Amino acid sequence: MESAISYVSSKSRSPLGSSDPIAAAIGLLRPRTAVDPDFSAAGPWALRFEAFEYVKIGGIEQGECWLVFEDDSDPVRLRKGDVFLLVNPPAYRLASSPTVEPLPAQALWESAVKGRVCIGTEADEDFSMCGGQFWFDQANTTMLIDVLPRLVHVRAGDRSLGQLAQVAHLLSTETKNRTVGSSLVLDHLVQILFVHVLRAHVDQTDHPAGWLGALSDDGVGAALRALHADISHRWSLQELAGIARMSRSAFAAAFKKQLGTTPGEYLIQWRMSLARDALRRNTRSISELAVATGYESESAFSTAFRRVVGSSPKQYRDAPGERMTRT
């Protein structure tokens, strides 16, 4: 019996995914954001944050503080102008000194008035910061979590901080002066800040992990960008190696070293990630997805999907809890 699910017309369909690999990955993550209150302090202070499964981000506007993970790793000094990203962090503290007894951050955040919280006397403030947190679609979270270190620390003197600092300042200003439309502005500013931190991480790291690092490689990165720009194309190893200006064997070895898989398997996994997302959100029919992901027939697509996902596209689409409302 045919499903009663309706689909929008397939005419003038845009390509599946995005030609920008970072934009495509973040799109699959379906990030949901929450902006923290603008925090300021005077004198000794400390806050304890519970372990968090996804990503937190913050920027130091004034003063300095210590970041202390509660797993006995070395404390990290954060200074004015620094921006930091915490990926799946354990419980941690932010403090004027590692020895100060902390307050629970969540309780303090819940006491915010007009988007602000303060420890100590406002007139004596010598520290302030802004930040937020992200939750991601669970099915695709590992594509980002697995290629980032627990802490990405972009220091104020880093050459890549220019635009990042401007966005952090805008975020802080909007948090303090909430008005009509602020929730939308804040949501986008946190996501923009996130992208800038990812860029800075790639720029300042000698060998970033996985696909994120491969993007900065002149050879493999060029091929990877081409692959993402047209996932319906039936890419051959020869074509990708030509784009990378490498021999087939050298390209295959470099790709495997940087991404941990073959170009063909990477393409299949990426296609299936996009297909899962489209099926969950009910944006394309199975036959449309077959065309969009480069398969000759719906049958060929379904076979590949079942091999990767473990169920047929129809079973995946119709499974309780998998489908999302199309917006």
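Computed from the C-beta positions of residue 315 and residue 236, the FRET efficiency with R₀ = 41 Å rounds to 0.85.
Counting only other residues whose beta carbon sits under 15 Å from that of residue 269, what net charge do I get with K and R as +1, D and E as -1? Residues near residue 269 contribute +2 overall. Each of 56, 80 was scored by other Cβ atoms within 10 Å of its Cβ. Listed from fewest to most, they are 80, 56. Charge tally around residue 35: other residues with Cβ under 11 Å, Lys/Arg +1 each, Asp/Glu -1 each, net -3. For the chain, hydrophobic long helices are taken as DSSP H runs at least 24 Å long by C-alpha position along their axis with mean Kyte-Doolittle hydropathy of -1.0 or more; these are 182-204, 263-281.
Computed with the Debye formula from one identical point scatterer per Cα of the range 213-318, without solvent, the log10 of I(q)/I(0) at q = 0.11, 0.21 Å⁻¹ comes to -0.36, -1.01.
Computed across the chain, the Kirkwood hydrodynamic radius from all distinct Cα-Cα pairs reaches 21.9 Å.
Sum up the charges of everything whose Cβ sits under 13 Å from the Cβ of residue 91, counting Lys and Arg as +1 and Asp and Glu as -1, but leave residue 91 out.
Result for the local shell: -1.
Measuring spread by the Cα atoms of the range 28-206 yields a radius of gyration and Dmax of 15.4, 47 Å.
No value in this document is a laboratory result; all are computed from the given coordinates. It should be emphasised that the depicted structure is a prediction, and the values quoted were computed from it without experimental measurement. Positions of Cβ are backbone-derived with ideal geometry, glycine not excepted, and every protein chain shown enters the neighbour counts.
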